[in-house]
Every structure is written in C-alpha cells, then in structure tokens.
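Before any comments, here is the structure.
The values are calculated or read from the model by the stated rules, or taken from the named source; none is laboratory data. Because the structure is predicted, anything quoted here is derived from the model rather than measured. Neighbour counts are summed over all protein chains in view; Cβ atoms, including those assigned to glycine, are modelled from backbone coordinates with ideal geometry.
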Amino acid sequence: MSQAFRVPGGVALDRARPISFTFDGVAYAGYEGDTLASALLANGVRIVGRSYKYHRPRGIVSAGPEEPNALVGVARGPGRFTPNLRATEVELTDGLVATSQNRWPSLRFDIGAISDLLAPLFGAGFYYKTFMGPNWLGPNWAWKRVYEPVVRRAAGLGTAPTAPDPDRYARYFDHCDVLVVGAGAAGLAAARAAADSGADVVLCDEAAAPGGSLLAETRATIEGRPARDWLAETLQALGAAANVRILTRTQAFGCYAQNFVGLSERLPEPALIADPTLPRERLWQMRAREVVLAAGAIERPLVFADNDRPGILLAESARRYLNLYGVKVGERVVVVTAHDSAYRAALDLASAGVAVALIADLRDEASGPLPQAARAAGIEVAVKASVHAIRGRGRIEAVRLAAHPGGMRTLACDALLMSGGWTPSVHLFSQARGKLAFDAGLEAFRPGPPVARQRSAGACNATFGLQEALAEGDAAGRAAAEAAGRSPPDPRAIPVEGAPPAAGGTLGAPLHVLGDRHARAFVDFQNDVCVKDVELAIQEGYRSIEHVKRYTTTGMATDQGKLSNMNALAIAAAVRRTSIPEVGLTTFRPPYMPVTFGAFAGPARDDLFDPARRTPIHAWAAERGAAFEDVGQWKRAWYFPRRGEGMRAAVAREGRTVRAGVGLFDASTLGKIEVVGRDAALFLERMYANAFKKLEVGRCRYGLMLTETGYLMDDGVIGRLAPDRFHVTTTTGGAARVLAQMEDYLQTEFTDLEVWLTSTTEQWATIAVQGPRARDTIAPFVEGLDLSNAAFPHMSVRDGKACGVPARVMRVSFSGELGYEINVGSAYGLDVWKALFAEAEKHGGCAYGTETMHVLRAEKGYVIVGQETDGTVTLADLGLDWAIGKAKADFVGKRSLRLAEPAREGRKQLVGLLTEDPTVVLEEGAQVTATATPPTGSSALGHITSSYPSATLGRSIALALVAGGRARVGEKLFASTAAGAVAAIVTAPCFFDPDGKRLHG
Amino acid sequence: MLLIPCPYCGMERPEIEFRHGGEAHVVRPPDPSAVTDEAWTDYLYFRSNPKGVYAERWRHVSGCGRFFNVVRDTVSDRILASYRAGEPRPAAPVEARR
C-alpha cells in the first residue's frame, strides 16, 4: 500500500523530497511538508489510536492541534522520546519513528477493547460507584489490590520516557509593542497594519507554515490576487520589515496579567540536526504593550451514535488534507453538516475526483451561495437530515441517515465529513480575565470588553467572513499600534472576491440521540464521554457545568474540550431545559495546549536547578572526604568518615572526641544579622521574647523569636557589642525569614524606632571550637582578649583578633562543653580554620559535622527549631518559658500566649525517652502511645522529634513531644516501630551534665 | 506575572522581584494587652479576602527592600494604586494605568 490516497496537488508538499518513516514498526513513505497525520492518511492508515476508557479504535478527526485521537509517541534516538504528541502537528522527517498508544498487543487487536463490551460498568463517575467491594478482606481491599491496578494499567495515554532528556531548552524574556497571536487572515492584516506604524511587532503562529485558513484557500482572491499569493506576498513583506519578528511553530499557551504571554516555540528537526547547539524548544515570556488575538476558530464535531468510527472527520480538516497535502480522506464520502463551510470541502473534494455521495444538511433548508454551488456542481443535497447508525468498526463502511428528500437510507462510504459549525477560540482572551458573552444568534461565546490591553479579530471574535476578518484585523492592528504610542497608518480597504459567506451551525445532540440509553454518541472522544454520561450526571444532581465536567471528565482530555465543550454545554442545557448561559461555561486555564516539561524547566536542571551555597571551609571538608547534607540551599559537612568508617562509627568517634578533647565545627551557615541604632535594644525587646535592655555590653543571651500567634519561630544567640549594636544569630534555615519578620515590624509597625538591619551571614565565617580543650586550642591565635573564665565567661562576646585578622569571638556552646565561636571575615575563614585545626589535632581533636552537632545537643536536650518544633509549639511546651521577659509590656507573640490554645492544660511537652532496650534507636516521627496496642481510632500522646545512638551515654536517646509529658517522668510509654511498639521510659529532656558544669570549664 | 509599580523605586518591576505581604491596613493594636481575645484573633487570623478591589502589602525584596501597599482588583488583576507604607489608602483609586 503505497500512498494510495495521494492525489495531485498539495501546496505544502515538496514532492521532490520523499521521506520514509515508521508507524508501529511498519515502514511508510511520505513527502517533505507532510505531517505525520497527512502521511498516515495518504497511506490509508485509518486506526491511529485507542480511546482512553473503552479502547475503541480511533482515527484522525482533525488537521490541527485540537486533535483528540491521533496521539502518538515519537522517538528520535536515546532519551529523545516524546509521548502524547498530536500526529496532526508532528512534521514528517526522514526516519521518524512513531508509535501508537494505549493498546496491547497491537492497534488492530487490542485486549483492552473488552472494556467496550463492559461499557455499562464505566458510566459517568464509575470510579466512585463500581469496584467498591468485597471488603471482608479489609477496608478497600478489593479496590486497592484488584481493581485499581487493573484499571490503571488499562486506562491511560502515552508512557513517560525514563532516560534523561539530552536536549537543551532555552528561556527568553522579551518585550514588544504589539504581539499578534495567530497568522491567519486577521492576524496578518493586523501585523501588517501595526508594522506600518513602525511598532515593534511579534507575530506568532502555532503551525510550521503561517497562513491559517488561507493555506487551504483555493477560490478566494484578496486585493486582486489569489489568496495564497496574497499570503506569500504579505509574509514576504513582513519578513523583510526590520520591526517585525515572525515566530512559527510557536504556541501562545498562556495569557497572564498585563499582557504577559507565554509562548512555546519548537524548533524544526532539520534545523536541530544541522546545528546541534540549538535548543529543542524555546519558552518565551513575552511582555507586550498591546495584544491582538487572532486565534481563529475550531470546527465542531456532530454528535450521533458511533460518531467516533475511524473515517469520520471534520469537513474543513478533510479540505486541508486535500489542498495542503494532496490527500483524499476517502474514495466515496458523505458530508453531514449544519454549516455552509462544509460545502466548500465537498466542492474541493469533488473537483479532486472524490465521489461525494450526498451532502446531508441538518438544517431545514440549505440555500446559501455555497449549497447552491454544490447543487450546481451536481452534488446531491438533502436537508432535515439526521444520522441514525454507522456501519463499520475499524473503519466506516456505511451511514444510515434520514434526510429530505430521500427519506431513510443507507449510503456506503469510506469517509464521513462532519461539521457542526465553528467555535471561536476565546481561550487566551478568557485567560486574560476577559468576560465572554453568549451570542444567541451565533450560538457562540464571543469576547466581551477586554480587561487587558487586547483586541480580538477574525474568527476568534466570531467574525467569520474573510473580508470582514481582514478588515477587523487591519483595524485591530492600527488601534494596537496607536495604543502603543505609534501613529497608525490609514485604514486600508482589503477587497476580497470569491469568498461567499458561510453560515449555520448546531450545538449539542439531536433529539433522537438525547435520552437514547443505547447510543454511543461521543461528546469527548479522547475521554470517552457520551451524551448519556452527561445526561446521567445531571440526573444524579450535578448542575453546574464545572461539576458535570469533573464528574464525567468531558473536556478534561489533552485537547481540553476544544472539540467537546460547546456540545457538552448544549446537552447539559437541553437536559436541564435551560439556556446555555444558565448552565455556565467552564473556566479557561493555561496552558491552551500541552507544553513540555522541558520547556518549563528550561536551563533550571542539574546544577542549575537551585543555587548551592557553600561556606569558605567547604573545599577543605570536601578534600577531607566529608559527607554533605543539604540544609536549605546550603551544603553542610555532615560527618567526616575516616578510612573504613560508616556514618554511625564516624559520628560516635566525633562525639567522643568533642566530649573528651576538642572538636571543630563549621557554623558559617548560621544566619547573622547586625542590628544597629539608637533603639536597637528596644527593637530586640519587641521582636524577641527575652529582655535585652539590661543585657550588658560584651554579654550574650539565648534569644527566642515567636510568631505573632505565640509559637516559637526561631532561636539564636544575640550578643551586645555596644549600647546601640547587636550581633544576632539565627538558625541556618531561618535567616531570611527572621530578617523579613524584623523588617516587616520595623517598617510597618514599630516605625517610631531608629534601627538599621543588615544581613551579615555571608560576611562572616564561623568556626565553633567545642570541648574541654577548646580554650587551649584557640589561645595561641587570639589577641586582644583575656580568655579566662572571669574575664570572658560563658555567654560573652568580644571583638579582637584571631590569627592576626579581625575576629568576633563568642563564648557559646551548642554541645554542652566549653565552647567558642570565632567569626572572621569570610575571606580569612579557610586559613583560620586550618590553623585552628592543626592546633586541635595536637590536643587529639577532630572536625565534626552536623550529625554529631545534632547528637551532642540532643544529649543536652537543646532543641532545634523545625525539628522539635513545627510552628505549633510554645516556649512553655519546650520548658523554655524561663527566657520570657516577664516584665515587658509587649513583644511579638506575647498577647497570643493568653489565648485558649497556647495556654491550654495538657499540651504536648518536651521530654526525654529512654528505650528499655538501650540498643533500640527509635524512628523520628514515630507515634508515642500509652499502651502497646492502643485501640483503633484513639489519638497518640505525641511523637518522637529526635532520636540518636549516643556514644557519650552508650545507649540510644530520644526527645519527644508528649501530652502532659513533664508529669509523666518515670512512666512507661510506647513508641511505634515497623516491628511493633517499643517500651520507653519518660525522662527529663537533658541526658548529660544536667547542672551544666562543663559549660563553665 | 504582574508588573508592580514600586512607589520607592518609581517604576514598574516584574512580580518576581517582590514578595506578597498579605492584606494591607491591618493594624496591630498599639496595646495588645488591652484588647479582647476576640479582637486579637480577628487581628491575627481574619482577612477580608474580597472578590474585587483589595489593598495588599508587597515588599520589594529584590529591589529597595521596602514594604508598600497596592490596590488591586482581584478579578481583573488590574493594579489601581501603589503607595508607600503608612500612607492612607486612596479613597477612590483612579485607573492611572491599566
């Protein structure tokens, strides 16, 4: 079978360049300029896919991006596989490998088609009703184990590729004066008018070749030239203009606020092969001063029983296949229509030698110039038509219809062309918040007044005549140029000949289909939604079209209802005996067409996915073989394994080393904010729960910041450097949040205060030196300060020098040991670290990572915000309410502490938990219960927040939040594990050196 | 993406430079200890959330860092006014620019 359906003509083709390709492993031939769809039709391939639910054989319905059936996967080499592409948009290239979807083992013989016989089980909302029992093996057992896996396997579209995508995707931000969406007649006229004003114009079109309906136009002339010549000349003039850019293969998929338009451009395969550095797709984020929408219209299918059989397609699409690609969709066709435009298709097909058995018009009369022309060409026309049955399963063989004259008859045919009229593409207008108005005369929603600076022209504005569309486009282009601040050209008369007006259209299902419980009359092809499904949904009480849509899934397929929405609306209105505006319209949301993940991700992948923050000491740790963990965007050294050590052994060694000698820890990621100004102390008093006014210069305080709702938000040590200057530290993850909260109150609530805030996180490298030998380690390097206990006690801060460079030294501890944190300028961080590390090694010290830091602080019962807390934990819950400045009249969060919930008795409190078996390490997040087997439905007492093996204590330890926990010390509770409940005794949350003697060493 | 006029920088900048700060003109009671629980929880949790004209706070985090207020129509996303924190909400926002 070699292109048996190819006929002479086809303006898009280059017949000098034959192409071979495969579909489901079978080799076929086509020409350059073909789409996959046109080439398949030329080769007589009729079944191209299986439907989603019933696995019915499906053929090509349309010639454009609205195609619901012909979804294919296209492979272009390793990693280059794209599922769910519309064959109508896939440009044929030599060696193209395409496969059909949702069928097994093959398209012709698909096991899944059994579901078509079981269709009564799959009505609207079937997943809510069917497959619910039996449940005697456990709740939802049958659903989880049997039905869902089977249904999931059977239903679906393409398979997602598994290999990484080797292609590059680019992202552009751009601006223009006038963006024209759609390069059909109206769009071209608009672009030309806007360009003549000197405006910066971008004209985009989804197709490979701009021109829209003009491409297939054979009869009309514009400005005295055949339409296609006019198209070529206009494109040439626009292409030559320096102020115009034409983007083909570019889908305007989203129209956001203030004319921010998303465009996705796909590059043609030959260009990519010629230049492998090109991106596969470009995502344009285009900000346009003015937008002209010339998006055209989409032809509607007719709703009748078995209207989904391969060989039944839209009339204008058949005309496009003929005129663009030299493909006849059949040898003998029947046309069923409610719109004059289908007569054009019939006339063109007849001229190409296709037998047109009958044009059956649903309307009472067909008397416009196009029907007259059809009659004059000898084509039989009958009116008052209704389709009653289709014969043929894999391909239409005959249609049984009633019409006047002729009555009921059966006509053999191998293709049926249908047209229910045209639906204006108002998607982008509506996305931009424009209100749609229902035009009862046209039976269409059309744009009302725009919200954004936009104009609609041509078929998307329900202006269907060629001459009228051109005039409207010209006017829109001029108006847009003027609104963008240019002087527009004079209005241009664009005379058109040979384009007689075409009118008509129908919506919904005819009366004999409505209420027929046996008719498989499809509204949404891809999602297998029939008329009876919509009827059932309404019968079951769904009224709003938004609910009907979700219950039946009509309009929820990849074509997003481009073909089905208006018919579904009309059916819902008919069943409810109300009007279409009364039923409402579903919301148009971006994207207008599917956009690839690659386009959205663009360059944001791998190393560029998210910025990584590294401390000045990072390279040293990496060299030493440290394992790293991500904390926000920071890379933090997690532990420093020695040869042959696993994590647990390394952490145990690091912990013992700190307790026995000294350890170095890179704390540079801690957030740091310098708070300066006359009212700095007062400001901190209001922002933190603690008191600060009386904090002496040179001393530190453990600061606790609450949200205004009274819960702990962040903590950190705050040192007073001068009466008007504080060094504030925050958690690593909370730095930005704390600064934002401070700025918020400073700028908008405490505006009377004179305070300046500066983030100094990345200005300082912070080296924590912890352990009984910490003083010995730093002493040789520190100048200008007395490290003795008397002169520099725990919780002190001094500016001095370390290793000869300016240093801010704090005596603080997050390990429970004698400890210092030495801050030096980031640029000096690595050198100072190296010097300190060499000294520490003399004392048997080591470097330790975040895991050991966590264990050491847990042994002391120090909390970590975000681990012990989750935004609903108060200071009292944690036993930290001693820190609250009780005398203060106000601070952020204070008033909320009196509200019922934070003050409630029996809240969860921080406790320690020691498992009866000291080798068992509980899981963080595990539930804590009063009994080993709590009754189903009862609440847990709390949960484990931290849990580690502790080398210091030679056993496991855990922290937990437990209801009324402090009163339960000594009680035996249970924690859930995968192996069952484990008993543990409640203790105070500090396991080591409860008196804190070591801090003051 | 919105284009937001920053009253401090004096120009429209894309939304990614800003962070939304919730409803504007929600004033923290000057003496929280003097208000009832109900008044306090109203301040904490209750917002007007209108369909239509809405005054909201924005912070130009990746610009000048300042908080300011914007009057925006939540239906059309049109920005009707932009003014500094502390200034009163314009009585009848005129559509300076769409």
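Filter region A:434-469 for residues that are within 14 Å of chain B (Cβ to nearest Cβ) and free of Cβ contacts under 8 Å to residues at least 60 places away in the same chain; which is surrounded by the most Cβ atoms within 10 Å (Cβ to Cβ)?
A:434
I want to confirm something. Restricting to region A:908-942 and keeping residues that are surrounded by fewer than 11 Cβ atoms within 10 Å (Cβ to Cβ) and polar (S, T, N, Q), which single residue is farthest from the other protein chains (Cβ to nearest Cβ)?
Out of the qualifying residues, it is A:919.
What about residue A:547, is it surrounded by fewer than 24 Cβ atoms within 10 Å (Cβ to Cβ) and part of a helix (DSSP H, G or I)? It would help to see each step written out before you state the result.
Values: surrounded by fewer than 24 Cβ atoms within 10 Å (Cβ to Cβ): yes; part of a helix (DSSP H, G or I): yes.
For residue A:547, the condition - surrounded by fewer than 24 Cβ atoms within 10 Å (Cβ to Cβ) and part of a helix (DSSP H, G or I) - is met.
Which one of the conditions (1) surrounded by fewer than 21 Cβ atoms within 10 Å (Cβ to Cβ); (2) modelled with pLDDT of 95 or more; (3) within 30 Å of the chain's Cα centre (by Cα) does residue A:271 fail to meet, given that it meets all the rest?
(2)
For residues in region B:60-74 being at the interface with another protein chain (Cβ under 10 Å from one of its Cβ atoms) and closer than 30 Å to residue A:758 by Cβ, which is surrounded by the fewest Cβ atoms within 10 Å (Cβ to Cβ)?
It comes out as B:65.
Considering A:951, A:887, A:926, which residue is hydrophobic (A, V, I, L, M, F, W, C) and without any contact (Cβ under 8 Å) to a residue 60 or more places away in the chain?
Details: A:951 fails: without any contact (Cβ under 8 Å) to a residue 60 or more places away in the chain; A:887 fails: without any contact (Cβ under 8 Å) to a residue 60 or more places away in the chain.
Being hydrophobic (A, V, I, L, M, F, W, C) and without any contact (Cβ under 8 Å) to a residue 60 or more places away in the chain holds for just one of A:951, A:887, A:926, which is A:926.
Quick test for you: out of A:35, A:82, pick the one residue that is buried (at least 24 other Cβ atoms within 10 Å of the Cβ), hydroxyl-bearing (Ser, Thr, Tyr) and not assigned by TED's automatic domain parsing to the domain that holds residue A:565. Steps first, please.
Numbers: A:82 fails: buried (at least 24 other Cβ atoms within 10 Å of the Cβ).
The unique qualifying residue is A:35.
Just give me the residues in region A:710-766 being among the charged types (D, E, K, R), surrounded by fewer than 18 Cβ atoms within 10 Å (Cβ to Cβ) and away from every other protein chain (no Cβ under 14 Å), in sequence order.
Hits for region A:710-766 are A:724, A:725, A:754, A:762.
Would you mind finding the one in B:89, B:57, B:28, B:47 that is part of a loop (DSSP other than H, G, I, E, B) and either at the interface with chain A (Cβ under 8 Å from one of its Cβ atoms) or out of contact with any strand residue (DSSP E or B) (no Cβ under 7 Å at 6 or more places or on another chain) (or both)? It would help to see each step written out before you state the result.
Numbers: B:89 fails: either at the interface with chain A (Cβ under 8 Å from one of its Cβ atoms) or out of contact with any strand residue (DSSP E or B) (no Cβ under 7 Å at 6 or more places or on another chain) (or both); B:57 fails: part of a loop (DSSP other than H, G, I, E, B); B:47 fails: either at the interface with chain A (Cβ under 8 Å from one of its Cβ atoms) or out of contact with any strand residue (DSSP E or B) (no Cβ under 7 Å at 6 or more places or on another chain) (or both).
Residue meeting the stated conditions: B:28.
Taking the options A:905, A:901, name whichever one is under 20 Å from residue A:871 (Cα atoms), within 14 Å of chain B (Cβ to nearest Cβ) and surrounded by fewer than 18 Cβ atoms within 10 Å (Cβ to Cβ). Write out each step before concluding.
On the way: A:905 fails: within 14 Å of chain B (Cβ to nearest Cβ).
A:901 is the lone residue from the list that is under 20 Å from residue A:871 (Cα atoms), within 14 Å of chain B (Cβ to nearest Cβ) and surrounded by fewer than 18 Cβ atoms within 10 Å (Cβ to Cβ).
State yes or no: is residue A:370 hydrophobic (A, V, I, L, M, F, W, C) and over 28 Å from residue A:8 (Cβ atoms)?
On the way: hydrophobic (A, V, I, L, M, F, W, C): yes; over 28 Å from residue A:8 (Cβ atoms): no.
So residue A:370 does not fit the description; no.
Which residue pairs have Cβ atoms under 8 Å apart, sit 6 or more places apart or on different chains, and have a first residue in region B:1-18 that is within 11 Å of chain A (Cβ to nearest Cβ) and of a type in the set (Val, Ile, Thr) and a second that is surrounded by 16 or more Cβ atoms within 10 Å (Cβ to Cβ) and assigned to a loop (DSSP other than H, G, I, E, B)?
B:4/B:18
Any residue at all in region A:566-587 that's buried (at least 17 other Cβ atoms within 10 Å of the Cβ) and under 26 Å from the mean Cα position of the chain (by Cα)?
The answer is yes; a qualifying residue exists.
Report, ordered by the first and then the second residue, all pairs with beta carbons closer than 6 Å, sequence separation of six or more or different chains, a first member in region A:811-837 that is modelled with pLDDT of 95 or more, and a second member that is assigned to a strand (DSSP E or B) and among the charged types (D, E, K, R).
Final answer for the pair search is A:812/A:821; A:820/A:811; A:823/A:808.
Would you confirm whether or not region B:81-97 contains a residue that is among the hydrophobic types (A, V, I, L, M, F, W, C), over 21 Å from residue A:748 (Cα atoms), surrounded by 14 or more Cβ atoms within 10 Å (Cβ to Cβ) and modelled with pLDDT under 95?
Applying the first criterion (among the hydrophobic types (A, V, I, L, M, F, W, C)) to region B:81-97 yields B:81, B:85, B:91-92, B:94, B:96.
From the residues that got through so far, the ones that are over 21 Å from residue A:748 (Cα atoms) too are B:92, B:94, B:96.
Filter once more, so that each one left must be surrounded by 14 or more Cβ atoms within 10 Å (Cβ to Cβ): none.
Within region B:81-97, not a single residue is among the hydrophobic types (A, V, I, L, M, F, W, C), over 21 Å from residue A:748 (Cα atoms), surrounded by 14 or more Cβ atoms within 10 Å (Cβ to Cβ) and modelled with pLDDT under 95.
So if I check each of B:39, B:81, which one is without any contact (Cβ under 8 Å) to a residue 40 or more places away in the chain, away from chain A (no Cβ under 12 Å) and among the small types (Gly, Ala, Ser)? First the steps, then the outcome.
Values: B:39 fails: away from chain A (no Cβ under 12 Å).
Just one listed residue meets the conditions, B:81.
Determine whether residue A:662 is surrounded by 24 or more Cβ atoms within 10 Å (Cβ to Cβ) and either within 14 Å of chain B (Cβ to nearest Cβ) or touching a Pro at 6+ places or on another chain (Cβ under 9 Å) (or both). Break it down into steps so the answer makes sense when it comes.
Values: surrounded by 24 or more Cβ atoms within 10 Å (Cβ to Cβ): yes; either within 14 Å of chain B (Cβ to nearest Cβ) or touching a Pro at 6+ places or on another chain (Cβ under 9 Å) (or both): yes.
Against the criterion (surrounded by 24 or more Cβ atoms within 10 Å (Cβ to Cβ) and either within 14 Å of chain B (Cβ to nearest Cβ) or touching a Pro at 6+ places or on another chain (Cβ under 9 Å) (or both)), residue A:662 qualifies.
Only residues that are part of a strand (DSSP E or B) and within 21 Å of residue A:1001 (Cβ to Cβ): list them for region A:801-835, please. Show your work before the answer.
Restricting attention to region A:801-835, the residues satisfying the condition of being part of a strand (DSSP E or B) are A:801-802, A:805-811, A:819-825.
Within region A:801-835, A:802, A:809, A:810, A:811, A:819, A:820, A:821, A:822 qualify.
Please note which strands (runs of 3 or more DSSP E) are completely contained in region A:702-799 and include at least 1 residues that are over 41 Å from the mean Cα position of the chain (by Cα).
Working: elements: A:712-722, A:725-730, A:756-759, A:764-770.
Where strands (runs of 3 or more DSSP E) fall fully within region A:702-799 and carry at least 1 residues being over 41 Å from the mean Cα position of the chain (by Cα), they are A:712-722, A:725-730, A:764-770.
List the residue pairs whose Cβ atoms are under 6 Å apart, where the first residue sits in region A:197-222 and is touching a residue at least 12 places away in the same chain (Cβ under 8 Å), the second is outside any loop (DSSP other than H, G, I, E, B) and of a type in the set (D, E, K, R), and the two are 6 or more positions apart or on different chains.
If the second residue must be outside any loop (DSSP other than H, G, I, E, B) and of a type in the set (D, E, K, R), the pairs left are A:199/A:177; A:200/A:177; A:202/A:245; A:208/A:91; A:216/A:319; A:216/A:320; A:221/A:497.
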